[in-house]
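Just so you know, all these numbers are worked out from the coordinates, no wet-lab data involved. What you see is a predicted model, and the numbers here were worked out from it, not measured in a lab. Glycine gets a Cβ as well: all are built from the backbone with ideal geometry, and neighbour counts include every protein chain shown.
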Amino acid sequence: MKVAKSGGHRLFEHDAETASVVSRMLIDLEKNGMDAVRKYSEQFDHWNPPSFQLTPKEIDEAVSRVSEQGIRDTKYCQSNVRSFAEAQLKTLLPLETEIRPGVILGHRHIPVNSVGSYIPGGRYPMFGSAQMSIIPARVAGVKRIIACTPPVKGLGYYPATINAIKEARADFIYILGGVPALALMAFGLDGMEPVDILCGAGNRFVAQAKRQLFGRCGIDLIAGPTEILVIADDSADPSLVACDLLGQAEHDPNSGICLICLNEDFAKKAIAEVERQLAVLPTRDVARLSWRDNGIVYVALDEDEAVKISDDYAPEHLELHVRDTDYYFERLTNYGSLFIGEETTVAYGDKTIGTNHILPTSRAARYTGGVWVGKFLKTCTYQYMTPQASVETAEVTERQCILENMLAHGITARARIHRYRGTTVMKA
């Protein structure tokens with residue numbers, strides 16, 4: 001393997017300073033409630049309205065400021081997300097099976113009762129995130145959904161974001177960002193009941209807050225800076241590959257940008273294209289830093305090595321610009337979402353096509369996928385049996401308990417042997 005150009009993609013690792021700051025904030029927020037929420041919102045966002053929750057009138061007023069085309073396009077995107085979530089839900093079937101005569105086991109998929117959705121703002125008002133966390137939860141059957149999105153400096157809130165949240169059918173909308181937003185949802189501040197799961201991407205403070213709140217409630221995943229990896233052979237168009245790499249580079253100076261080529265000549269052409277396009281890219285101030293610090297281009301010896309490099313990187317987004325897409329589709333195992341062929345691109349997944357854009361980063365794709373309708377469902381088992389089956393099971397259970405010296409457990413089995421064989425159980 002040769003390297004044509006190598007940066008140093010940084011993993012989203014535990015940051016002790018951030019962890020300490022977030023820990024102090026969460027302690028303060030839990031102890032002092034909305035007073036602390038107001039303090040931090042004023043400190044970090046210069047935002048301290050009479051109420052952080054939008055009224056129906058305020059929501060309607062915000063929606064009225066969105067263009068008709070913007071509203072239609074949001075409906076288009078959300079329809080795709082909803083259709084895919086509904087199709088996913090159909091694959092999640094209840095199960096009941098008789099594994100032995102009279103022994104019936106099963107499972108049910110039960111939706112969590114409440115979800116807290118965080119829709120990030122920051123550098124870009126990413127209102128598309130509303131549908132990615134709210135719609136799958138709603139399709140799963142979640143009864144109560146709270147949405148928080150940070151204020152926009154000088155504007156209060158971004159109308160397209162409010163429209164997207166309303167269209168996705170959240171029950172409550174708060175204009176509140178960062179750690180205070182997650183605390184409000186997780187602790188149940190402002191008269192709200194605590195949520196069961198926190199969902200949505202955010203900056204390092206949001207990610208750290210989710211890490212520390214896990215256990216108090218569930219979380220979807222901890223997402224760091226975005227990533228793209230492209231595998232390209234000599235059939236690919238270097239200008240299109242470069243375009244897609246830069247499409248993710250504009251997110252954040254810490255975005256991970258990786259290209260795996262099958263020959264060095266293509267790698268050099270792609271690098272030259274990136275540099276050429278960077279010169280005129282409107283968001284080059286951010287994208288140039290990402291490419292400079294985190295861009296890496298590999299030249300793999302063959303397709304097998306390309307697969308190995310990609311699986312080791314375990315990217316959030318993986319694009320295939322190759323002749324034989326089936327070869328890679330059958331062998332690749334570590335990615336958040338796969339974009340097969342040059343006809344599709346990461347931006348489609350982020351905004352429009354219907355798959356979810358809340359995806360694992362920092363090599364988490366080795367052990368988890370992204371957000372989907374199943375994230376909001378608990379798969380809960382149950383069991384029942386006939387009296388005769390209970391006796392047979394109890395005899396084995398009692399012997400196992402005696403071997404483990406868990407005698408009280410064994411007595412519960414023995415009680416059923418007596419009961420269902422017609423023998424009276426002695427009471428203490």
Original post:
Rounded to the nearest 0.05, what FRET efficiency do ASP285 and GLN43 have when you use their Cβ-Cβ distance and R0 = 30 Å?
Top reply: 0.65
**OP:** Name the residue, out of ILE162, ILE402, ILE296, whose mean-square fluctuation peaks in a Gaussian network model built on the chain with Cα pairs under 10 Å.
**Re:** ILE402
Original post:
When N counts the residues of the stretch 63-158, how does its alpha-carbon radius of gyration compare numerically with 2.2 N^0.38 Å, as a ratio?
Top reply: 1.53
**OP:** Please report THR283, THR412 as a ranked list, fewest other C-beta atoms within 10 angstrom at the top and most at the bottom.
**Re:** THR412, THR283
Subject >> Residue exposure sequence - HIS46, HIS321 - by fewest surrounding Cβ within 10 Å >> reply: HIS46, HIS321
**OP:** Could you check how many percent of all C-alpha pairs in the chain are farther apart than 31 Å?
**Re:** 50
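Using the Kirkwood formula over every pair of different C-alpha atoms, what hydrodynamic radius in Å results for the stretch 284-325?
Working: mean 1/r = 0.0822 Å⁻¹.
About 12.2 Å, per the Kirkwood formula over Cα pairs.
What's the FRET efficiency of GLN400 with ILE110 using the Cβ-Cβ distance as r and R₀ = 22 Å, to the nearest 0.05?
Working: r = 30 Å, r/R0 = 1.35.
FRET efficiency, GLN400 to ILE110: 0.15.
Listed highest first by mean packing, meaning other Cβ atoms within 10 Å per residue, what order do 224-233, 306-315 come in?
Working: 224-233: 25.2, 306-315: 19.9.
In decreasing order of mean packing, 224-233, 306-315 become 224-233, 306-315.
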Subject >> For the stretch 252-299, average projected area of the Cα convex hull in nm² >> reply: 3.0
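In which sequence would LYS31, LYS166, LYS75, LYS375 go, from the one with the fewest C-beta neighbours within 10 Å to the one with the most?
On the way: LYS31 10, LYS166 20, LYS75 13, LYS375 23.
If I rank by nearby Cβ atoms, fewest first, I get LYS31, LYS75, LYS166, LYS375.
What percentage of all Cα-Cα pairs in the stretch 139-186 are separated by more than 15 Å?
Details: 534 of 1128 pairs.
Tail fraction, whole percent: 47.
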Original post:
Can you give the direction-averaged projected area of the convex hull of the alpha-carbon atoms in the stretch 1-148, in nm²?
Top reply: 18.2
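With viscosity set to 1.306 mPa s at 10 °C, what whole-number translational diffusion coefficient in µm²/s follows for the stretch 225-369 from Stokes-Einstein and a Kirkwood radius over Cα pairs? Before the final figure, lay out each step's value.
Details: Rh = 14.8 Å.
Using the Kirkwood radius from Cα pairs, D works out to 107 µm²/s.
Looking at the P(r) of the stretch 308-428, how many percent of alpha-carbon pairs lie beyond 24 Å? List each step's numbers first, then the result.
On the way: 3987 of 7260 pairs.
So the pairs more than 24 Å apart make up 55 percent of the total in the stretch 308-428.
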